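Structure first, then comments.
FYI, it's all coordinate maths here, none of it is from the lab. Keep in mind the model is a prediction, meaning the values are calculated, not measured. Virtual Cβ from ideal backbone geometry, glycine too; neighbours counted across all protein chains shown.
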């Protein structure tokens, strides 16, 4: 059903396999989820997207769990069913408990509400928020 | 310019002042930002929104800084200028460094990108993500 | 600042003037707002958009005020500053009171919140909602 | 398939049952839809969300049917499949006819179109819309 | 499952059949997709929507393939599953190759990413972009 | 006003200057727009974003003008004021005429409308669109 189909490891080119191998190695897992198998139809995008995600999601000023929570928050706001499913699983693997998930949803819901109250009431930005 | 105008403390009803006082007390600050002054035109919504935010943003399974980062992530995805300005300030007050902000933006940007790649390629959700 | 500029009545072609005249007649007003002056750079889109709006917004199974409230609700959810400003004014002209506006915002805010709670919790649609 | 599963009445805590009972009493119905059963995993959010919705959706300056129409308009703009299904059913129960639904969709569609024409043409807000 | 059901050709009114006939004639095809069968419950909206699309999608300053690519780009950004499926098919019929589709997705993904980086960093619009 | 300020060429590190130089060389221009000056606060994101855009926007199966039109379409759908301004300018530089812009807006507007009609009417995806 994926637009260009899914490319399995055994039928993949060596270029695609190299990315698949790096995904499994980096994530310490033995399978590839459908997102990458769909992108593999365009090896250039597959490589660039994976390299970007690997660079962005590694531990830095923010830890991996926090980054996954942010990823879920964005996916929920955008109503992306695939991304909600896959990143909720990723967040759990990174340590998200049910209690954390519930609080995450509460914040995401509230932010989506007040985003509209602020723009609906046409609230001017406070001067204090404009200066650095 | 706000649709119903902004209600300042000195002209506010006692009902509204009670909320303003609680906001300043809870946030350990001595001013009220425009969002609340605009909502004060509807004291019922003012009270409910403040009580909800106070309950949601307090420390729990997630710490206040993480919650503010999530709030910024949603506001940026939704393009709410007021909320981006106010919650970026709130996140900084909660401890967000410039390095954390930069990584937050990188994750938010990437999530918005892959949200569209996943739906654009019409990727089916993996069975593993569907079972609990 | 509008991408293609604004076309004023006195400099407009007769084709554009005919639309402007019909807008002022239908709305019982003596001025044209910037949206139409910007669209006037493309007379085909100007005409089609105006004819569509005139057909859609006229009294029918729903009254004009209800239709304007819905227009504001959508514009707020989409964060369109121009449309929030113009349709809030139109809703007021159609009879929206401050109390109605406040309730409208409360519903819009809540709907945006629960939209994300429903998708974030990956709630399955109830069978009862699927059958007609 | 819901992230944290669905909590049925018979397995619910007394805290959750109290909310379920109030939902059924307020709505004059004998069943609970999946949205609440999913939220019940977080009794605090369940209670707050229900109390907020009960307060917001009750008759006021706007009648319940108008509020449900607005709820559908937002859900459709946000592409929330669950919310479209559940609030279309709720709007019908509140009195929405097929003719009203069709006009609602026409307005929602048009608003989403002109929201983009306005921002795409970078139309400046008219001075008249800025002053109160 | 469609809210008002789908209206097949054989059960359609002559008004609806006239639109169906024009769709099949214009598109050089012998079937009607579900979108139109759902809209047919509201013949006024069916007619207006079809006439608008016919006018907008015909060859002009932009060719039909480019227009279909733009349609897919918007549908993907908005997460509209039906529209992604139907307009991806339409774009292919208009000449979109797999390579074009892959580049389209890459641009759509990147635009969604930088849209958030620009607003998240609260970047001021350059003066050069404001003047015509 | 940009969250972390703008970094001008003369105050930039050699790492940032290298990216600025490549932007000016690739785009055959002698200035850097604010988006890059804001991102320069995070040299890693600056470099990755530029390298990605350079790779994605170069001529391929789609020509640069088509890619810029798609970029504008997404930015308009997302209501990103900065991106609408900057990519409208870029599209013009790539050859977009006023007539092309007007048709682009018409398609973007219509797609945003029918995206909501399709989901609002809860239209099932046709079997023909599901099979490859």
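Put a label point 7 Å from Cα along the Cβ direction on residue F:60, then list its distances to the equivalent points in the other copies in nm, shortest first.
Values, ascending and in nm: 2.4, 2.9, 4.3, 4.3, 5.0.
Specify whether the C-alpha gyration tensor of the protein assembly as shown places it in the rounded, prolate or oblate class, a ≥ b ≥ c being the square roots of the eigenvalues: rounded for a/c under 1.5, otherwise prolate if a/b is larger than b/c and oblate if not.
Here the protein assembly as shown falls in the rounded category.
Take the alpha carbon atoms of region D:36-67, find their center, do the same for region A:67-97, and report the distance between the two centers in whole angstrom.
A separation of 25 Å, based on Cα centres.
Within a 10 angstrom radius of each residue's Cβ in B:85-96, how many Cβ atoms of other chains show up on average? Whole number is fine. Walk me through the numbers before you get to the answer.
On the way: counts 9, 7, 4, 6, 5, 1, 0, 1, 0, 0, 0, 2.
The per-residue average across the peptide is 3.
Just to be sure I understand: if I project the alpha-carbon convex hull of chain F onto a plane and average over all orientations, what area do I get in nm²?
Numbers: hull surface 44.8 nm².
The orientation-averaged projected area of the Cα hull of chain F comes to 11.2 nm².
Can you tell me the 0 to 90 degree angle between the C-alpha axis of helix C:81-93 and the longest principal axis of chain C, rounded to 10?
The answer is roughly 90 degrees.
Residue F:15 versus residue E:58, label points 7 Å from Cα toward the beta carbon: distance in nm?
Output for this residue pair reads 5.6 nm.
Using a Gaussian network model on chain F with a 10 Å cutoff between Cα atoms, which of F:13, F:75, F:119 fluctuates the most?
F:119
Report, to the nearest 10°, how far helix F:43-57 tilts away from the longest principal axis of the Cα atoms in chain F, using its own Cα long axis and a range of 0 to 90°.
It works out to around 50 degrees.
With 10 angstrom as the radius, rank E:9, F:71 by how many other C-beta atoms surround their C-beta, starting from the fewest.
In order of increasing Cβ crowding within 10 Å: E:9, F:71.
Say a label goes 7 Å from Cα toward Cβ at residue D:97 in every copy; what distances in nm does this one have to the rest, shortest first?
Here residue D:97 shows inter-copy label distances of 2.7, 4.9, 5.5, 5.5, 6.5 nm.
Taking square-rooted eigenvalues a ≥ b ≥ c of the alpha carbon gyration tensor, is region E:58-132 rounded, prolate or oblate, where a/c under 1.5 means rounded and, failing that, a/b exceeding b/c means prolate?
It comes out prolate by the Cα gyration axes.
Normalising by the residue count of chain F, find the relative contact order in percent from Cα pairs under 8 Å and 6+ residues apart. Don't skip to the end; give the middle numbers.
On the way: 70 pairs, mean separation 22.6, N = 132.
So the answer I get is 17 percent.
What's the FRET efficiency of residue C:130 with residue D:26 using the Cβ-Cβ distance as r and R₀ = 25 Å, to the nearest 0.05?
The calculated FRET efficiency here is 0.55.
Given the rule -39500 (n - 2.57) for each run of at least 4 DSSP H residues, summed and divided by the residues of chain B, what is its mean residue ellipticity at 222 nm, to the nearest 500 deg cm²/dmol?
-21000 deg cm²/dmol
Every other copy gets compared here: list the nm distances from the residue E:130 label point (7 Å along Cα to Cβ) to its counterparts, shortest first, one decimal.
1.2, 1.2, 5.3, 5.3, 5.4
Please compute, for peptide B:52-65, the average count of beta-carbon atoms on other protein chains lying within 10 Å of each residue's beta-carbon.
Partner-chain Cβ atoms within 10 Å, mean over residues of B:52-65: 5.
To the nearest 10 degrees, how steeply does helix B:98-120 sit against the main Cα axis of chain B, on a 0 to 90 scale?
Rounded to the nearest ten degrees, it is 50.
Provide E:57, F:1 in ascending order of the number of other Cβ atoms located within 10 Å of each residue's Cβ, fewest first.
Fewest-to-most Cβ neighbours within 10 Å comes out as F:1, E:57.
What is the mean number of Cβ atoms from other protein chains located within 10 Å of the Cβ atom of each residue in peptide E:9-22, rounded to a whole number? All intermediate terms of the calculation are to be shown ahead of the outcome.
Working: counts 0, 0, 0, 0, 0, 0, 0, 0, 0, 0, 0, 0, 0, 0.
The mean count of partner-chain Cβ atoms within 10 Å per residue comes to 0.
As a footprinting exposure proxy, order E:105, C:24 by other Cβ within 10 Å, with the fewest listed first.
Result, fewest neighbours first: C:24, E:105.
With a ≥ b ≥ c the root eigenvalues of the C-alpha gyration tensor of region D:69-108, is it rounded (a/c under 1.5), prolate (a/b larger than b/c) or oblate?
Verdict is oblate for region D:69-108.
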